[in-house]
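The values are calculated or read from the model by the stated rules, or taken from the named source; none is laboratory data. A quick note: this is a predicted structure, and the numbers were derived from the prediction, not measured. Reconstructed Cβ throughout: ideal geometry from the backbone, glycine too, with neighbour counts over all protein chains shown. Each accessible area value is taken on the protein alone, full model and side chains, heavy atoms only, with ligands, DNA and RNA left out. Shrake-Rupley method; radii C 1.70, N 1.55, O 1.52, S 1.80 Å.
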Amino acid sequence: MKTVNHWIGGKTVEGASGNYGPVTDPATGEVTTQVALASADEVDAAVQVAKEAFLSWGQSSLAARTKVLFAYRALLDANRDAIAELIVAEHGKVHSDALGEVARGLEIVELACGITVQLKGELSTSVSSRVDVSSIRQPIGVVAGITPFNFPAMVPMWMFPLAVACGNTFILKPSEKDPSASTLLAQLASQAGLPAGVLNVVHGDKVAVDALLAHPDIAAVSFVGSTPIARHIHTTASANGKRVQALGGAKNHMLVLPDADLDAAADAAVSAAYGSAGERCMAISAVVAVGSIGDTLVEKIRERAEKIKIGPGNDPLSEMGPLITAAHRDKVASYVKGAAAQGADVVLDGTGYTVEGKENGHWIGLSLLDNVKTDSDAYRDEIFGPVLCVLRVETYEEGVALMNASPFGNGTAIFTRDGGAARRFQLEIEAGMVGVNVPIPVPVGYHSFGGWKDSLFGDHHIYGNDGIHFYTRGKVVTTRWPDPSDAPAGVDLGFPRNH
C-alpha cells in the first residue's frame with residue numbers, strides 16, 4: 001500500500017510515530033493509501049528545521065524570492081493534471097472541478113510573484129529638521145497552515161505562497177483525508193528552487209494540530225474549516241500568543257427577487273449548490289425566494305438538478321462525484337431524511353443514489369427541500385453536501401432580515417435586474433463576500449477572502465492585501481542625520497519637536 005510521508009527540510013521524512021491514517025478512494029470506498037500521523041516530537045522537529053531556514057530566507061532578497069516563485073508558477077502550470085488527478089483520487093471531485101481548484105490557487109502564486117510591489121514601504125521626508133520617517137513590513141518567522149479536505153490544493157496555495165514570498169517559513173498540516181496533493185505542491189516548490197526548510201508538510205490529526213497551536217516558535221496560524229474548530233483554533237492559538245486567521249463554516253444564502261431572470265437564477269442555484277458535491281464553504285445552500293416566484297423557481301431548479309450526471313471523478317461525463325467519506329455521506333443523508341418531519345417539502349431525495357459497479361462508493365444524489373423552516377436542522381446547520389434548501393418570504397426586507405439573522409456571514413448573493421435593489425443589498429447584508437447575479441463570489445487573488453460573524457475568527461481575511469499584512473508586521477523608523485556643518489545640539493529633556 002502506498003504511504004504518504006512528511007516533507008521536511010526539502011526531503012521525504014518517514015513517519016516515526018507508528019500511527020497511520022487511512023486514505024480512501026471515495027468512488028469505490030477502498031482504502032488505497034495510508035498517511036503518516038505526526039507526533040508532537042515530529043512537529044517540533046519540523047518547526048526547528050523551519051526556524052533554522054528562516055535565518056537565511058527571512059534575509060533573502062526580493063529578487064531571489066520572486067525568481068523561485070516565477071519558476072514555481074511555471075511548474076504548477078505544467079503539472080495541473082497531475083495535481084488534479086491526486087485530488088480526484090482522494091477527494092472524489094470531478095477532474096474539471098479539480099483543475100478549477102488548481103487554477104484558483106495559481107492566482108495567489110501569481111500575486112506572490114508580484115510581492116516586490118506589495119512590500120513597498122512608505123517614506124516621509126523632512127517631518128522635522130533633517131528628520132525622515134519610513135514604514136516597512138518584515139516577516140514574522142515560522143508560520144503554520146491547517147487546511148481542509150475539500151480543497152486540498154487551493155487552500156494551501158491561499159496560504160504558503162504569500163507567506164514565503166513575505167520571507168517567512170511555513171509548516172503545512174493538510175487534511176489527513178486527502179494528503180497527497182499537498183506533498184506534491186511542496187515537492188514542486190523544491191524543484192523550483194525553494195531552499196530546504198522553507199516549506200514543510202507535516203501530516204497528522206489532532207495531535208499534530210495541538211502541537212502546532214502550542215509550539216512557542218510558531219508565530220502565526222492560518223486555518224480553514226468548520227466553525228467549531230475555527231473557534232477552538234483561534235482561542236487556543238491566541239492564548240499562546242500567536243497571530244490567528246481562522247475561517248469557519250457557512251450557510252450561504254441567495255436572495256432571488258421577483259424581477260430576476262429565473263432561468264439564470266436556477267442555473268446559478270444548481271451550480272452553486274451542487275458543484276463539488278456541495279463540499280464548499282462558499283456553496284449556496286439556501287435560496288430565499290421573494291414573492292410569487294417560488295413555485296416557478298423551484299420547478300426550474302428541479303428540472304436542472306435531475307439532469308446532473310453523478311459518477312466517478314475520472315469519468316469525463318461525470319458532473320458531480322461522491323462525498324469524501326461514508327460517515328459524511330450518512331450525516332448529509334440524515335438531514336434529508338428528517339426534513340419532512342420538520343416541515344419541509346422534499347422535492348428531490350438523493351439519499352438512495354448509487355453507481356452501478358461501485359456500490360461501496362460514498363454516493364449520494366442531489367436533494368432539494370422546499371418551504372424549509374428557519375428552526376429546522378437542515379437550515380440551521382452547515383450540511384456540506386448536495387442539499388439545497390428553499391425558503392419563502394414575501395418581501396425584500398423580510399428576506400434580508402432572515403439572512404442577517406443567521407450566525408454565519410461568509411458569502412451571499414442577490415439575483416435581480418434592479419440596480420437600486422442590488423446596491424441596497426450589498427450595503428445592508430451582513431456577510432463578508434457579496435455577489436450580484438454571481439452565485440459564488442469568491443474574490444480574485446488580489447482582493448481578500450473572508451466572512452463575518454461565525455465564519456471568521458481573527459482580524460485578517462485570507463490572501464490579497466489582508467494576507468500580506470497577516471504574514472508581515474509593520475515597523476516605523478525615524479531618522480536624523482546631522483549636517484556636517486552642525487554644532488552639537490546639547491541635551492534637551494523636552495519631547496522631540498516636529499514643528
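A few comments on the model shown:
- Filter pass, THR351 being open to solvent by 10 Å² or more (accessible area, probe 1.4 Å), within 23 Å of MET282 (Cβ to Cβ), outside any strand (DSSP E or B) and without any contact (Cβ under 8 Å) to a residue 60 or more places away in the chain: no
- Considering only residues in the range 354-371 that are in contact with a Ser or Thr (Cβ under 8 Å, 6 or more places away or on another chain) and open to solvent by less than 30 Å² (accessible area, probe 1.4 Å), the one that is farthest from VAL298 (Cα to Cα) turns out to be GLY361.
- All positions within the range 447-472 that are outside any loop (DSSP other than H, G, I, E, B) and either exposed (fewer than 14 other Cβ atoms within 10 Å of the Cβ) or touching a Pro at 6+ places or on another chain (Cβ under 8 Å) (or both): PHE449, LYS453, GLY464, THR472
Conditions (1) surrounded by 24 or more Cβ atoms within 10 Å (Cβ to Cβ); (2) in contact with a strand residue (DSSP E or B) (Cβ under 8 Å, 6 or more places away or on another chain), marked per residue:
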| position | (1), (2) |
| --- | --- |
| VAL143 | yes, yes |
| ILE146 | yes, yes |
| ASN150 | yes, no |
| MET157 | yes, no |
| PRO161 | yes, no |
| VAL164 | yes, yes |
| ILE171 | yes, yes |
| GLU176 | no, yes |
| ALA181 | yes, no |
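For (1) part of a helix (DSSP H, G or I); (2) open to solvent by 20 Å² or more (accessible area, probe 1.4 Å); (3) within 29 Å of ALA153 (Cβ to Cβ), each residue gets a yes or a no:
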{"site": "THR235", "(1), (2), (3)": "yes, yes, yes"}
{"site": "SER238", "(1), (2), (3)": "yes, yes, yes"}
{"site": "ALA246", "(1), (2), (3)": "no, no, yes"}
{"site": "ALA250", "(1), (2), (3)": "no, no, yes"}
{"site": "MET254", "(1), (2), (3)": "no, no, yes"}
{"site": "ASP259", "(1), (2), (3)": "no, yes, no"}
{"site": "ALA268", "(1), (2), (3)": "yes, no, yes"}
{"site": "SER276", "(1), (2), (3)": "yes, no, yes"}
{"site": "ARG280", "(1), (2), (3)": "no, yes, yes"}
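- Checking each residue in the range 306-327 for being touching a Pro at 6+ places or on another chain (Cβ under 9 Å) and not in a loop (DSSP other than H, G, I, E, B) picks out ILE310, MET320, ALA326.
- Selection from the range 114-138 of residues that are open to solvent by 10 Å² or more (accessible area, probe 1.4 Å) and within 22 Å of the chain's Cα centre (by Cα): GLY114, GLN118
- Total residues in the range 174-198, condition under 19 Å from the mean Cα position of the chain (by Cα) and in contact (Cβ under 8 Å) with a residue 60 or more places away in the chain: 10
- Search result, residues across the range 32-56 that are within 30 Å of ASN360 (Cα to Cα) and among the β-branched types (Val, Ile, Thr): THR32, THR33, VAL35
- Exactly one residue out of VAL102, VAL13, VAL88, VAL68 is of a type outside the set (Phe, Trp, Tyr), at pLDDT 95 or above and within 15 Å of VAL201 (Cβ to Cβ), and it is VAL13.
- ASP486 touching a strand residue (DSSP E or B) at 6+ places or on another chain (Cβ under 9 Å) and surrounded by fewer than 21 Cβ atoms within 10 Å (Cβ to Cβ): no
- Test result for PRO439, assigned to a loop (DSSP other than H, G, I, E, B) and under 30 Å from ARG137 (Cβ atoms): no
- Of the numbered criteria (1) part of a loop (DSSP other than H, G, I, E, B); (2) open to solvent by 10 Å² or more (accessible area, probe 1.4 Å); (3) in contact with a Gly (Cβ under 9 Å, 6 or more places away or on another chain); (4) not acidic (Asp, Glu), the one GLY193 fails is (3).
- Top-ranked residue in the range 69-113 [being over 28 Å from THR33 (Cα atoms) and small (Gly, Ala, Ser); ranked as most open to solvent (accessible area, probe 1.4 Å)]: ALA74
- Search result, residues across the range 210-223 that are open to solvent by less than 10 Å² (accessible area, probe 1.4 Å) and in contact (Cβ under 8 Å) with a residue 40 or more places away in the chain: LEU212, ILE218, ALA220, VAL221, SER222
- Failed criterion for GLY204 (all others in (1) open to solvent by less than 10 Å² (accessible area, probe 1.4 Å); (2) within 18 Å of VAL142 (Cα to Cα); (3) assigned to a loop (DSSP other than H, G, I, E, B) hold): (2)
- Boolean, ALA230 is small (Gly, Ala, Ser), open to solvent by less than 10 Å² (accessible area, probe 1.4 Å) and either on the phi > 0 side of the Ramachandran plot or assigned to a helix (DSSP H, G or I) (or both): yes
- Subset of the range 14-53 [within 30 Å of PRO312 (Cβ to Cβ), of a type in the set (Asp, Glu) and surrounded by fewer than 17 Cβ atoms within 10 Å (Cβ to Cβ)]: GLU30
- You will find that of VAL436, VAL444, the residue that is free of Cβ contacts under 8 Å to residues at least 24 places away in the same chain and open to solvent by 50 Å² or more (accessible area, probe 1.4 Å) is VAL436 and no other.
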